[in-house]
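**Student:** One structure follows; several queries about it will come next.
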Amino acid sequence: MRSEIAHVGAIDGQPVAAVTLSNSRSMSVTVLTYGCIIQSLKTPDRHGGVGDIVLGYQSFERYLAGHPFFGAIAGRVANRIAGGRFTLNGQNYVLERNEASTGHHLHGGSRGFDKAVWGYSVEKDDVALWLHLHHTSPDGDSGYPGRLDAVHSIGLTEDNELWLNFRAVSDSDTVVNLVNHNYYNLSGVEGSTIEDHELTLAADFVLPADEFTLPTGAVEPVGDTAFDFSRPRLVGEAMDRRNNRDFDHAFALRLPPVGSSDHLKPCAELHHPGSGRVMEVRTTQPSVQFYNGYKLGNREWIGRSGSRVPAFAGLCLETQHFPDAVNKPHFPSITLKANALWEAQTVHRFAVR
């Protein structure tokens, strides 16, 4: 296990580093301290060929010109908040309505956690080689109450596991939902799509969304619908059952078995038959947002090779709390009480078959 640190630039006088963690089994992850962006994630295929399986840019400067959350952290509250409004402890809060197409607040606003330069340290323990990233968000930042101290720990193991851990503490009651926003394409071939991937989700229920991609508040069974990924299913086949071939929905994950001692529950398995790559996901979070990248074709995003990123070039499996939970009391709460510890863990295990 080894780490490498490269200084790649600065923002407002704050230096930005690219930190690469590598193991002895040909797996590596490169993270920018700007926005906790996972710039690169390389894993071997069934023949030992190493490919980059996340969408991203070759240089740090490209991210500054804008991107669709390639590999970044989303927060304080990821996903959408209806109309940019919520009430906490009887007080109304108004946030930026930064998603122009819907009029909602998205991923913490235009100056969310993805735009911050995070402090960092590297640590090796018995579990993994870790990159710990830390950031303090002041009271009122992007309209949210309370000073929030957040730590995002990214760990790589010799078993080809990638750990994405979050911790946060606030000095007053606030709301939190931190998410990693990787776009995965297990083929490792830039310019290809994820339609030939097989996806399984440990979910029997989906949260239907309205025309503005906001959950309606209902929770519906997935059986015999386009949302049924309870068994391995080609993503393209499921897309063909959607009028616009679109997915951007939260799925309620099954609860762990009674008596289970593992705090991580099954979430998803993604398989690319062509390369043999498999990604298994386990998490402590109650839901996963499956987004199939259908909006990527709406703007011209140029990838590492210099070619345009097409629609469906990557898919997101964002482990998180339910979207707009602040406005739907029957959803699991994302309120963080003052001086309490908020934690979440997600593990991605990579293999071949």
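**Student:** Which value results when the Cα radius of gyration for the range 198-330 is divided by 2.2 N^0.38 Å?
**Tutor:** Rounded to two decimals, the normalised Rg is 1.11.
**Student:** I need 242, 231 ordered by Cβ neighbour count within 10 Å, fewest first.
**Tutor:** 231, 242
**Student:** Let me ask something else. How large is the Kirkwood hydrodynamic radius of the range 245-285, counting all unique pairs of alpha carbons, in Å?
**Tutor:** Details: mean 1/r = 0.0806 Å⁻¹.
So the Kirkwood estimate lands at 12.4 Å.
**Student:** What share of all Cα pairs of the range 2-182, in percent, falls into each consecutive 5 Å distance bin?
**Tutor:** Reading the bins upward from 0: 1, 8, 16, 19, 18, 15, 10, 6, 4, 1, 0, 0.
**Student:** Taking Cα centroids, how far is the range 330-353 from the range 139-178 in Å?
**Tutor:** One Cα centre to the other: 9 Å.
**Student:** Name the lysines eligible as straight-distance cross-link partners of residue 295: C-alpha to C-alpha under 24 Å, and not fewer than 8 places from it in the same chain.
**Tutor:** 115
**Student:** To the nearest 20 Debye, how big is the dipole of the chain about its Cα centre, given +1 on the beta carbon of each Lys and Arg and -1 on that of each Asp and Glu?
**Tutor:** Values: 31 positive and 40 negative charges, 45 e Å.
Computed charge dipole of the chain: roughly 220 debye.
**Student:** What lysines sit close enough to residue 42 to cross-link, taking a C-alpha to C-alpha distance under 22 Å and skipping anything fewer than 8 places away on the same chain?
**Tutor:** Leaving aside lysines fewer than 8 places away in the same chain, those within reach of residue 42 are 124.
**Student:** Looking at the square roots a ≥ b ≥ c of the eigenvalues of the Cα gyration tensor of the range 56-151, which shape do they give, rounded for a/c under 1.5, prolate if a/b is larger than b/c, or oblate?
**Tutor:** oblate
**Student:** Separate question: Using θ = phi - 60° and the Karplus relation 6.51 cos²θ - 1.76 cosθ + 1.60, list the HN-Hα couplings for the range 211-224 in order, rounded to whole Hz, with x at every Gly or Pro.
**Tutor:** 5, 9, 6, 9, x, 6, x, 7, 10, 10, x, 8, x, 6
**Student:** Which lysines does residue 337 reach when only Cα atoms under 23 Å apart count, and residues fewer than 8 places away in its own chain are ignored?
**Tutor:** 328
**Student:** What 222 nm value per residue comes from the helices of the chain, counting each DSSP H run with n ≥ 4 as -39,500 (n - 2.57) and dividing by all residues, nearest 500 deg cm²/dmol? Present the calculation step by step, with values, prior to reporting the outcome.
**Tutor:** Values: 2 runs with 10 residues, N = 353.
Rounded to the nearest 500, it is -500 deg cm²/dmol.
**Student:** Here's another thing I want to ask about it. With θ set to phi - 60°, apply the Karplus curve 6.51 cos²θ - 1.76 cosθ + 1.60 along the range 136-148 and write out the HN-Hα couplings as whole Hz, x wherever there is a Gly or Pro.
**Tutor:** 10, 9, x, 4, x, 4, 6, x, 8, x, x, 7, 10
Computed from the coordinates by the stated procedures, all read-outs in this text should not be read as laboratory data. It should be emphasised that the depicted structure is a prediction, and the values quoted were computed from it without experimental measurement. Please note: Cβ atoms are built from the backbone with ideal geometry, for glycine as well, and neighbour counts cover all protein chains shown.
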